[in-house]
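**Q** Handing you this structure, nothing more for now.
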Amino acid sequence: MMALIPHNLNDEDEVTVETREVSPSHLLFKIESFSLLSKNGIDKYESTEFLAGDYKWKLIFYPNGHESGDDDDDNIAVYLAVADTSSLPPRWEFNAVFSIFLYNQKYDNFLSMRGRTRRFHAVKQEWGFPKFISKKSLIDPSNGYLVNDNCVFGAEVFVIKSQGVVECLSMPKVAKSFQRSWRISQFSKLEKEWVSDEFLFGDHVWKMEVYPRGEGDEEGHHVSLFLCLVDCCLTPFHKVKVNLTVKMKHQINGEDFVESNTYWFASRDDGWGFSGFMSISDMNDPAKGYLVEDCCILEVEISVQAVAHSNSVDLSVLVPNSK
């Protein structure tokens, strides 16, 4: 069966009209003796409060229309309003999509009118349909909406939580760098790895790891060096881009062995660096001058180039309330 489309709807209203078998899940509102509303001076009726999406609502029914106009009295207006706003926090606001229903007693289904997503806040606490249906269409017995002078309206509300990912990328206006060196003794006797003491730089805690006999695919071939962000696992949705320069100091007036690169540290990362930093043979060669009396000098320079924070926050804090 084709739905009876309420009149005077236009494209800019962005209204979806359909029929469905399932009754509205949040409110059913029955009017008995509809023809006596005007006689008894009822031009507006507010339903009891109902709960949907953690908020209290009420349906407002205008049997003789709500907006001024030549044909205002010929239309029935139905609005949805936030109830008990005194219990809401200051600057409250949220988005919701809702449907207003009219029960068809002839075909045992519901006419549903759904508008676009609306923003409810302290200045605009209600939205609805000023011309939900004409009185002529409602009282026409062939349509099945008014039977024995009784009709049933309904409401269904779905609150769209204003939660989303908000990411902020910041770069320091003045680049700051951190330099530090360590003297690693008994290098050849290290069982697996050497780990530096933790150090603070750029609001983050770091440490260095050195694998004398290599790590992963480079095990047995190259010395491996890694920079680790110690507090990374405690800061989800957090990324830091750093430039890392690592030097193995030459202790016999030669050139230092240097590697440099940049990397984004994220919460899922344990560490990053150079798995194939320098060959084990070069490291252990006395003529190279990197290992003297089984001691080497490691120097690092770190500069933070960017920091990205990404959190699940209430988007309304970024958007001022409408006035």
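Each value in this text was obtained by applying a stated rule to the coordinates, not by laboratory testing. No experiment lies behind these values; they were computed from the predicted model shown. Cβ atoms come from the backbone with ideal geometry, glycine included; neighbour counts cover every protein chain shown.
**Q** By how many nm would the segment from V258 to E18 lengthen if fully extended, with 0.36 nm per residue of separation less the alpha-carbon distance?
**A** 79.4 nm
**Q** Ok, one more. In whole Hz and in residue order, list the ³J(HN,Hα) couplings for the range 122-131 that follow from phi through the Karplus curve 6.51 cos²θ - 1.76 cosθ + 1.60, θ = phi - 60°; x for Gly and Pro.
**A** Whole-Hz 3J(HN,Hα) from phi for the range 122-131: 4, 7, 10, 9, 9, 9, x, 10, x, 10.
**Q** In Å, the Kirkwood hydrodynamic radius of the chain over pairs of distinct alpha carbons?
**A** Details: mean 1/r = 0.0386 Å⁻¹.
Radius from the Kirkwood sum: 25.9 Å.
**Q** Sticking with this structure for a sec: Give a quick list of GluC sites (Glu not before Pro) in the range 246-308 that DSSP marks as loop, anything other than H, G, I, E or B, with at most 10 other Cβ atoms within 10 Å.
**A** Those that pass, being in a loop and sparsely packed, are E255, E293.
**Q** What does the charge dipole of the chain about its Cα centre add up to, to the nearest 20 debye, if the Cβ of each Lys and Arg holds +1 and the Cβ of each Asp and Glu holds -1?
**A** That gives the chain a dipole magnitude of about 640 debye.
**Q** Of A77, F101, L37, which is farthest on the positive side of the dipole of the range 11-161, counting Cα position, with +1 on Lys and Arg Cβ, -1 on Asp and Glu Cβ, and the Cα centre as origin?
**A** So the residue we want is F101.
**Q** As an exercise, identify the GluC sites (Glu not before Pro) in the range 144-231 lying in DSSP coil whose Cβ has no more than 11 other Cβ atoms within 10 Å.
**A** Qualifying residues, ordered by number: E191.
**Q** What does the charge dipole of the range 168-312 about its Cα centre add up to, to the nearest 20 debye, if the Cβ of each Lys and Arg holds +1 and the Cβ of each Asp and Glu holds -1?
**A** 560
**Q** Also, I was wondering about something else. To the nearest µm²/s, what D does Stokes-Einstein give for the range 39-95 at 10 °C and 1.306 mPa s, using the Kirkwood radius over alpha carbon pairs as Rh?
**A** 121
**Q** How compact and how long is the range 11-161, expressed as Rg and Dmax of its alpha-carbon atoms in Å?
**A** 15.4, 49
**Q** When a footprinting reagent is the concern and you count Cβ atoms within 10 Å, what order do H309, H222 take, fewest first? List each step's numbers first, then the result.
**A** On the way: H309 14, H222 22.
Exposure proxy ranking, most exposed first: H309, H222.
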